[in-house]
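Visitor: Would you mind keeping the following structure in view while I ask a few things?
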Amino acid sequence: TINAVLANNIVFGKDNSTRCTVKWTPIGKDLLHQFAGILDGAGYTIYGIYVDSIPIAGIVGFLKEDGIVKNLRTNTGYIGGTFRVGGIVGYNNGTIQSVENNNRVEAFYRWNGSNTSYVSNGGDSTSIYAGGIAGRSNGSIIASSNKMPINNKAAQEGCSGGIAGYNTGEIYNSGNSGTVKVNLAILRDLHKAYSGGIAGYNTGSINKIRNI
């Protein structure tokens, strides 16, 4: 529940055009360690963050109902994961407001010799979700934008969106200008791929949005 406000840009690489080679562990790294505080970027930028090959991938992994991420920009980074992958938050139950993603986002399955290595948390779907702001969003995403490609290589079912891969919450006054892709690694009957400029799959509320 700690609160933090940035007082400067954060540069993970050797400069603001270089990606870090050391993997970041997301704030609120898993279901048992959800972030319920406030991360206020104060308009500053996080450069070159590197997240790779973890189930819940983002600067923040799980954002709890009371959690807030706001006024934050990203650039030059890479967010890669195997289950819920977002440029800012992997799994959002809280509020994301006034953020801008310029990190490359990729979701992918891992083959272990017999089946795919998806990770299920709390009975959630085993489908792989990728989004420019959040992989899955049950909370609110407000006044936010994504400008980078979203790529999803799912095993059986995948959802990719410029803002959220899968949305059951609210997306308001937000926009996407990045390309959005889903490729299924295994093609069989009933396997599904969903992609959208704002949300890959939506059962929530989307208003005042733009996709270029």
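Visitor: Just a yes or no: is a residue in the stretch 140-160 more than 20 Å from G43 (Cβ to Cβ), part of a strand (DSSP E or B) and without any contact (Cβ under 8 Å) to a residue 40 or more places away in the chain?
Guide: Within the stretch 140-160 (the criterion being more than 20 Å from G43 (Cβ to Cβ), part of a strand (DSSP E or B) and without any contact (Cβ under 8 Å) to a residue 40 or more places away in the chain), the answer is yes, since at least one residue qualifies.
Visitor: Would you mind telling me which numbered condition in (1) within 21 Å of A130 (Cβ to Cβ); (2) crowded, with 17+ Cβ neighbours inside 10 Å; (3) out of contact with any Leu (no Cβ under 8 Å at 6 or more places or on another chain) G37 fails?
Guide: With respect to (1) within 21 Å of A130 (Cβ to Cβ); (2) crowded, with 17+ Cβ neighbours inside 10 Å; (3) out of contact with any Leu (no Cβ under 8 Å at 6 or more places or on another chain), G37 is out only on (1).
Visitor: It is to be established whether one or more residues within the stretch 39-53 are under 30 Å from L184 (Cα atoms), among the hydroxyl-bearing types (S, T, Y) and either assigned to a loop (DSSP other than H, G, I, E, B) or out of contact with any Pro (no Cβ under 7 Å at 6 or more places or on another chain) (or both).
Guide: yes
Visitor: Let me ask something else. Provide a single number: the residues in the stretch 19-70 that are at pLDDT below 95 and either on the phi > 0 side of the Ramachandran plot or in contact with a helix residue (DSSP H, G or I) (Cβ under 8 Å, 6 or more places away or on another chain) (or both).
Guide: Qualifying residue count for the region: 1.
Visitor: A follow-up question, please. If G175 passes every condition in (1) over 21 Å from F62 (Cα atoms); (2) open to solvent by 40 Å² or more (accessible area, probe 1.4 Å) but one, which one does it miss?
Guide: (2)
Visitor: Here's a follow-up. How many of the residues in the stretch 58-74 are more than 11 Å from N103 (Cβ to Cβ) and under 15 Å from the mean Cα position of the chain (by Cα)?
Guide: Number satisfying all stated conditions: 9.
Visitor: Every residue in the stretch 153-172 that is open to solvent by less than 30 Å² (accessible area, probe 1.4 Å) and not aliphatic (A, V, I, L, M), please.
Guide: Passing the criteria: G158, C159, S160, G161, G162, G165, N167, G169.
Visitor: A further question follows. Could you please find all residues in the stretch 178-212 being basic (K, R) and either under 21 Å from T82 (Cβ atoms) or open to solvent by less than 50 Å² (accessible area, probe 1.4 Å) (or both)?
Guide: Of everything in the stretch 178-212, those that are basic (K, R) and either under 21 Å from T82 (Cβ atoms) or open to solvent by less than 50 Å² (accessible area, probe 1.4 Å) (or both) turn out to be K181, R188, K192.
Visitor: Hey, can you tell me all the residues within the stretch 103-136 that are in a loop (DSSP other than H, G, I, E, B), at pLDDT 80 or above and under 19 Å from I27 (Cβ atoms)?
Guide: N103, G132, I133
Visitor: Given the residues V5, V11, which is the only one that is of a type outside the set (D, E) and either surrounded by 15 or more Cβ atoms within 10 Å (Cβ to Cβ) or in contact with a Lys or Arg (Cβ under 8 Å, 6 or more places away or on another chain) (or both)?
Guide: Sole residue among the options that is of a type outside the set (D, E) and either surrounded by 15 or more Cβ atoms within 10 Å (Cβ to Cβ) or in contact with a Lys or Arg (Cβ under 8 Å, 6 or more places away or on another chain) (or both): V11.
The values are calculated or read from the model by the stated rules, or taken from the named source; none is laboratory data. Fair warning: this is a prediction, and the values are worked out from it, not measured in the lab. Neighbour counts are summed over all protein chains in view; Cβ atoms, including those assigned to glycine, are modelled from backbone coordinates with ideal geometry. Each accessible area value is taken on the protein alone, full model and side chains, heavy atoms only, with ligands, DNA and RNA left out. Shrake-Rupley method; radii C 1.70, N 1.55, O 1.52, S 1.80 Å.
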